[in-house]
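Written below as structure tokens is the structure these notes are about.
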Amino acid sequence: MGISRRKFIGCLGALALGQAAGVPGTAKGAAGKEFSGWPDSLGVLHDITKCIGCRQCESACHRVNNLPAPETAFDDLSVLDQKRRTDADVFTVVNRFDSDRPVFVKTQCNHCLEPACASACFVKAFEKTPEGAVVYDESLCVGCRYCMVACPFNIPAYEYHKALDPRVTKCTLCHPLLKEGKRPGCVDACPAGALISGKRDELIAYAWQRIQTFPERYVSHVYGEHEMGGTSWLYLSGQPFSRMGMREDLGTKSAPELTAGPLSAVPIVVGLWPVLLTGVYAISKRKEKIAAQEKQAAVEQAVVQSRKQAQDQLETLRKKWEQEKQSAINFEVKKALEEAAAKDPEPSQTKEDE
Amino acid sequence: MTDNGGQTVRKLWTPFNVIVGIILAVGGVLTLMRFTQGIGAVTNLDNNNPWGVWIGFDLLCGVALAAGGYVTSAACYIFGLKRYHSAVRPAILTAFLGYALVVLALHYDVGRPWRLPYPIFVSQGTSSLLFEVGLCVFLYLTVLFIEFTPAAFEWLGLKKIRAVVVKLTLILTIFGVVLSTLHQSSLGALFMIAPSKLHPLWYSNYLPVYFFISSMFAGMSMVIFESTLAHRYLSRHMDDTHHRQAFGVAMGFAKAAAFVMVGYLSVKLVGIAIDGHWQYLTTGWGMWYLVEVIGCVALPAVLFAMGVREKNLKFVRWAAAWTVFGIVLNRLNISMIAFNYHLPSDQRYFPSIMEIGTSVFIVTLGIVIYRFVTTRMPVLHEHPDYPAH
């Protein structure tokens with residue numbers, strides 16, 4: 001035997017569940033296990049307190065990704081008067097939030113450690129690469145847009161006006177540049193030092209060091225360290241993140257964890273239902289059979305009983321009839337005798353004569 | 001268009017045909033626009049609202065309301081309730097058409113419809129609940145097709161192959177229940193990945209359970225509702241058996257639906273209690289939630305129960321229509337109304353007239369095909385050559 005029984009059963013389980021439960025190391029989909037990110041994966045730390053809202057990062061992003069030029073030039077800062085989000089040909093935007101003084105926040109794909117988009121995609125068009133970027137494969141995409149429903153940060157955009165080959169678009173963390181050992185376009189372009197790229201672990205350590213060194217400058221929260229299971233983009237801020245439209249109620253559960261429950265119910269349903277339903281069928285069939293048998297037995301009994309009853313009745317009738325007949329004869333005989341006696345006072349003599 | 005075959009030319013300009021003709025023509029134009037100018041040209045969908053009525057109504061409601069197929073065939077063939085026999089074929093036909101139209105609607109909604117087989121045949125994203133939905137819908141559509149073929153074979157006089165398919169009935173029925181359980185519930189579970197977008201009153205870990213249980217009474221109500229319409233417009237195609245059993249079918253399903261709806265309400269209550277979401281009930285969203293749960297589940301359940309007690313078919317039929325409305329409301333709430341509830345109102349989605357037009361077009365297509373089939377094949381009556389198939 002080349003394979004033990006235990007191993008065989010394990011293989012069966014893997015066949016049924018393997019993909020759904022997530023093969024460790026692929027980071028493509030829902031993992032039953034905790035995935036704390038690729039070792040040494042890269043990330044970017046965005047220090048919101050340092051951002052001056054110059055839109056140089058947006059400009060660089062367009063240049064690196066060969067995106068079409070926007071309607072208003074990048075040095076026109078009036079666009080900051082309205083709230084913008086990422087769009088089909090805009091992978092990153094800077095928004096201004098006014099409190100005591102203006103605060104600028106850059107928004108782009110956060111490159112989750114366990115991305116909701118990748119977990120939601122039913123053709124595996126998204127992949128979390130070991131470098132840290134979440135990349136999209138256009139050649140597989142069906143265009144169902146479930147990734148957009150799933151993304152907690154509302155990042156992926158869709159080319160709604162393309163009839164034949166619409167794509168989902170989003171920031172790639174400049175994955176091709178990362179592989180060459182270079183920095184993402186936006187980080188390279190930032191003149192204010194508001195964007196720092198590096199290994200995610202080191203960035204987290206650095207961010208906390210900043211918070212501890214300047215406790216009056218920052219809120220004690222590194223956004224992205226734990227949100228939705230952690231993201232490759234990290235944020236430092238001088239005021240609560242929710243004031244800048246960044247949701248702080250996302251929780252720390254990764255997207256795959258959210259759907260692991262219903263996915264794990266699949267084998268239960270597949271295993272249990274046919275057995276139960278066949279049982280129900282068998283029971284209802286058997287009930288029918290027993291009912292039919294009982295009915296037949298009851299009918300037979302009724303037939304026998306009614307036959308017997310009829311016979312009894314017939315018997316009684318016959319007896320009664322015979323009795324009546326006898327009594328009628330007796331009566332007639334008696335009557336005849338009496339009549340004879342009345343005509344002839346000596347009946348014995350008459351008898352002899354006849 | 002609807003008057004192929006047996007009907008005379010004299011009847012071509014009936015109001016039904018004229019209205020249907022207009023809708024189909026408009027639908028044709030919308031189809032052309034969709035596939036030449038893109039989704040954006042006909043819909044109000046945007047980056048924040050990637051799913052609209054084509055998913056919320058066509059997919060979610062379509063699948064829920066097509067549940068009559070598995071419910072009726074399970075009642076008749078698995079639970080041995082023979083008195084539902086005459087309801088099985090219309091229910092299977094509705095289910096098959098329902099699912100076929102769901103798939104048709106998906107061709108409009110997804111960006112590259114010719115890639116719809118990809119999740120099954122090219123790249124399996126098994127971690128996605130949408131994968132589960134896609135696979136189950138694909139398989140179940142096949143099952144429904146096979147389940148319906150006996151009617152077509154009887155029509156075409158193919159006795160031998162019909163006999164083979166009829167022998168598969170039990171296996172197909174069980175397979176159908178398994179697949180329905182999986183994808184009905186998964187449609188609810190789709191939204192479990194977005195707890196930050198769906199209002200807490202609708203978001204729950206029980207979403208798959210809610211969807212599955214509600215699909216049962218959705219299916220039963222739809223069978224009653226559809227039979228109401230069929231009795232009014234297609235009565236002449238029904239045989240004595242169908243007429244005789246119809247009352248019992250309606251009463252039986254009404255009783256079952258009332259019970260299942262009470263069960264559904266209990267699970268809903270447990271869901272609210274477990275998440276501790278009582279405080280939301282007094283908000284505006286809470287009122288809307290109560291309109292759905294009390295107004296469109298609890299009240300029709302009571303009406304069902306009253307109809308059964310009084311043996312009042314009218315009550316039962318109204319309750320069925322009301323329940324169907326409630327199911328539609330629930331699915332729209334989860335996919336559109338309570339979804340993205342946190343966005344400012346100018347970023348919320350409302351369907352365009354062309355999106356709604358496309359949905360109307362697809363439903364109309366279903367009605368036309370239903371009429372075409374039931375006026376020709378032995379669906380509402382038994383074929384004389386195959387009594388009590």
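See the values below:
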read-out	value
Residue match in region A:187-197 (condition: under 30 Å from the mean Cα position of the chain (by Cα), within 20 Å of A:Trp38 (Cβ to Cβ) and more than 14 Å from chain B (Cβ to nearest Cβ))	no
Residues being in a helix (DSSP H, G or I) and either in contact with a Lys or Arg (Cβ under 9 Å, 6 or more places away or on another chain) or without any contact (Cβ under 8 Å) to a residue 60 or more places away in the chain (or both) - total across region B:219-236	10
Residue within region B:326-335 that is in a helix (DSSP H, G or I), farther than 28 Å from A:Ile155 by Cα and without any contact (Cβ under 8 Å) to a residue 40 or more places away in the chain present	yes
Boolean, A:Val266 is part of a helix (DSSP H, G or I), more than 30 Å from A:Gly37 (Cβ to Cβ), of a type in the set (Val, Ile, Thr) and under 27 Å from the mean Cα position of the chain (by Cα)	no
Criterion (free of Cβ contacts under 8 Å to residues at least 12 places away in the same chain and either under 30 Å from B:Ser128 (Cα atoms) or open to solvent by less than 20 Å² (accessible area, probe 1.4 Å) (or both)) met by exactly one of B:Pro195, B:Pro208	B:Pro195
Filter result (within 13 Å of another protein chain (Cβ to nearest Cβ), in contact with a Lys or Arg (Cβ under 6 Å, 6 or more places away or on another chain) and at negative phi) within region A:116-136	A:Ala118, A:Glu127
Top-ranked residue in region B:44-83 [being of a type in the set (Ser, Thr, Tyr) and open to solvent by less than 10 Å² (accessible area, probe 1.4 Å); ranked as farthest from the other protein chains (Cβ to nearest Cβ)]	B:Thr72
Test: residue in region A:216-236 that is open to solvent by 70 Å² or more (accessible area, probe 1.4 Å), basic (Lys, Arg) and not in a loop (DSSP other than H, G, I, E, B)	no
Candidates B:Pro113, B:Pro119, B:Pro90, filtered to the one that is within 11 Å of chain A (Cβ to nearest Cβ) and either among the acidic types (Asp, Glu) or surrounded by 19 or more Cβ atoms within 10 Å (Cβ to Cβ) (or both)	B:Pro119
Test: residue in region A:171-194 that is part of a strand (DSSP E or B) and open to solvent by less than 40 Å² (accessible area, probe 1.4 Å)	no
The listed residue being out of contact with any Ser or Thr (no Cβ under 9 Å at 6 or more places or on another chain) and either open to solvent by 70 Å² or more (accessible area, probe 1.4 Å) or more than 23 Å from A:Asn154 (Cβ to Cβ) (or both), out of B:Ala301, B:Ala338, B:Ala319, B:Ala305	B:Ala305
Residue check, B:Tyr84 in a helix (DSSP H, G or I) and either of a type in the set (Lys, Arg) or touching a Lys or Arg at 6+ places or on another chain (Cβ under 6 Å) (or both)	no
Subset tally (residues that are of a type in the set (S, T, N, Q), touching a residue at least 60 places away in the same chain (Cβ under 8 Å) and under 19 Å from A:Phe241 (Cα atoms)) for region A:46-97	4
Whichever residue in region A:137-181 is facing chain B (nearest Cβ under 7 Å) and of a type in the set (Val, Ile, Thr) and, among such residues, is nearest to A:His226 (Cα to Cα)	A:Val149
Every residue from region A:246-265 that is under 21 Å from A:Leu234 (Cα atoms), within 7 Å of chain B (Cβ to nearest Cβ) and open to solvent by less than 20 Å² (accessible area, probe 1.4 Å)	A:Leu250, A:Ala255, A:Pro256
Those residues of region B:125-168 which are over 30 Å from B:Val110 (Cα atoms), among the β-branched types (Val, Ile, Thr) and open to solvent by less than 60 Å² (accessible area, probe 1.4 Å), in sequence order	B:Val165, B:Val166
Cβ-Cβ under 6 Å pairs, at least 6 apart or on other chains, region A:216-233 side on the phi < 0 side of the Ramachandran plot, far side in a helix (DSSP H, G or I) and of a type in the set (Gly, Ala, Ser)	A:Val222/A:Ala207
A:Leu17 vs. criteria modelled with pLDDT of 70 or more and within 24 Å of A:Ala255 (Cβ to Cβ)	no
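The values are calculated or read from the model by the stated rules, or taken from the named source; none is laboratory data. Every value quoted in this text rests on a predicted model; they were computed, and no experiment measured them. Quick reminder, even Gly has a Cβ in these numbers, built from the backbone with ideal geometry, and neighbours come from all protein chains shown. Protein only, heavy atoms only, side chains kept; ligands, DNA and RNA dropped before computing areas. Shrake-Rupley method; radii C 1.70, N 1.55, O 1.52, S 1.80 Å.
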